[in-house]
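> Please read through the structure below; I'll follow up with questions.
The values are calculated or read from the model by the stated rules, or taken from the named source; none is laboratory data. Keep in mind it's a predicted model, so treat the numbers as computed, not measured. We place every Cβ from the backbone using ideal geometry, glycine too, and count neighbours over all the protein chains shown. Note: areas computed on protein heavy atoms with side chains; ligands, DNA, RNA excluded. Shrake-Rupley method; radii C 1.70, N 1.55, O 1.52, S 1.80 Å.
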Amino acid sequence: MADKAKGDRPLERGIEDTLVTDFADTHRKSYGDFLQLKTLLNLQKTFQDPAQPDEMLFIIIHQVSELWLKLMHHQLVEVRRFLQQDEFGPAMKNLDRIKAIQRQLIAAWETLLTMTPADYMTFRKALGNSSGFQSYGYRQIEFILGNKDTATLKVHEHDPEVMEMLTAALVKPSLYDEVLHMLARQGFDVPQDLLDRDYSKTYSGDPRIVKIWAEIYRNTGRYWDLYALGEKLMDVESLFQRWRFDHATAVERVIGMQPGTGGSSGVAFLRKALELRFFHDLYDVRTDLMYGGQG
């Protein structure tokens, strides 16, 4: 019998008898089959010839981020559904998961920043006119969180399937629209014009809703679930803003103040996005609480 190679580690005792190795049966899926790894791990096609090492880094970071965005949108849809059913517990659990996903997205910038400007210039031309602004996964998230900007659809006009998907998302109630409906069902005096509004338009806050949140925040014991919901929504907003900030910082560190590949102003455009908010009432209620509604 051949000597065992130095450093070999024996398998778990008895595993030879139980380990599944025959996947010929079509009903039996391997790990690779279940995750479609042959497809997934062959999607990283570089465009430079010869290939540049940092191009692979750039592609994988952005592909992984798109997967996290897909999962984040999936969870936001779930939160919206639970709010429609007044199921606070499952909504809260999914909001916690969304926050964990956001932290993964934020962490991606740290890995990307191992790429220097010199590294990036070795493959930048290969990007052509592609830009993160064209990410329809990101656009879906902005729409469900309430930033309903129809002008952003223009970059997707070449793709009817994507246009159909985003147009459908545009006219659906945002997450916060469902919060307003839920507040009405909880007995609060939510004006009918807000409940019947055009959901394709961005909601920019309303002082009548701020007063409702002020009552909730002044009586947390009575309205604990609603108070906790408000704070979790603010957590999501804060993490989204941090992701945007880290994005702008990463881009500035790599390309400085150059225009973006997709035609935007680059860093200046990304910084402008930091002024956007989703949950206006939850910001404004803080001023109301501090100054008693006196301005």
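> What distance in nm separates the simple spin-label points at LEU67 and TYR283, each placed 7 Å from Cα in the Cβ direction?
Inter-label distance under the simple model: 3.4 nm.
> Among 140-150, 107-117, 54-64, how do they line up from the highest to the lowest mean number of other beta-carbon atoms within 10 Å? Walk me through the numbers on the way to the answer.
Details: 140-150: 19.9, 107-117: 14.6, 54-64: 16.7.
Ranking, from highest mean packing down: 140-150, 54-64, 107-117.
> Something else: At 7 Å along the Cα-to-beta-carbon direction for both ASP198 and ALA268, put a label point, then send me their distance in nm to one decimal.
In this crude spin-label approximation the distance works out to 3.1 nm.
> Give me the extension gain from LYS154 to ALA100: residue separation times 0.36 nm, minus the current Cα-Cα distance, reported in nm with one decimal. Before the final figure, lay out the partial values.
Numbers: separation 54, 0.36 × 54 = 19.44 nm, distance 3.14 nm.
Stretched fully, the LYS154-ALA100 segment lengthens by 16.3 nm.
> Quickly rank 216-223, 158-165, 273-280 as a protection proxy: mean count of other C-beta atoms within 10 Å, highest first. Don't jump to the answer; show the numbers that get you there.
Values: 216-223: 14.0, 158-165: 12.1, 273-280: 16.5.
With the highest mean Cβ count within 10 Å placed first, the list reads 273-280, 216-223, 158-165.
> How high is the relative contact order of the chain, in percent, with contacts defined as C-alpha pairs under 8 Å that are six or more residues apart?
Working: 268 pairs, mean separation 56.2, N = 295.
Contact order relative to length: 19 percent.
> So what's the net charge close to PHE245: Lys and Arg +1, Asp and Glu -1, counting the other residues with Cβ under 15 Å from its Cβ?
On the way: positive: ARG103, ARG242, ARG244, ARG253, ARG271, LYS272, ARG277; negative: GLU110, GLU237, ASP246, GLU252, GLU275.
Once all neighbours under 15 Å are counted, the net charge is +2.
> Follow-up. Over region 97-200, what is the relative contact order in whole percent, taking alpha-carbon pairs under 8 Å and six or more residues apart? Display every interim value, and only then the final one.
Values: 52 pairs, mean separation 22.5, N = 104.
With pairs under 8 Å counted, the relative contact order is 22 percent.
> Could you tell me the distance between the Cα centroids of region 28-45 and region 60-97, to the nearest Å?
Cα centroid of region 28-45 versus Cα centroid of region 60-97: 24 Å apart.
> For region 134-183, what is the charge dipole size about the Cα centre, in debye to the nearest 20, if Lys and Arg each add +1 at the Cβ and Asp and Glu each add -1 at the Cβ? All intermediate terms of the calculation are to be shown ahead of the outcome.
Values: 4 positive and 8 negative charges, 23 e Å.
Here region 134-183 has a charge dipole of around 120 debye.
> A further question follows. Can you give the accessible area per residue of the chain, in Å², using a 1.4 Å probe? Show your work: numbers first, answer last.
On the way: 17690 Å² over 295 residues.
Here the per-residue accessible area is 60 Å².
> Treating the beta-carbon of each Lys and Arg as +1 and of each Asp and Glu as -1, no other charges, what is the dipole magnitude of the chain about its Cα centre, to the nearest 20 debye?
Computed charge dipole of the chain: roughly 440 debye.
> Let me ask something else about it. Length gain on complete extension for the stretch ASN129 to GLN186, per 0.36 nm per residue less the alpha carbon to alpha carbon distance? Don't skip to the answer; put the middle values down first.
Values: separation 57, 0.36 × 57 = 20.52 nm, distance 4.86 nm.
So the extension gain works out to 15.7 nm.
> Measuring from the lowest to the highest alpha carbon on each principal axis, how far does the chain reach, largest first, in angstroms?
Projected onto its principal axes, the Cα set of the chain covers 85, 54, 38 Å.
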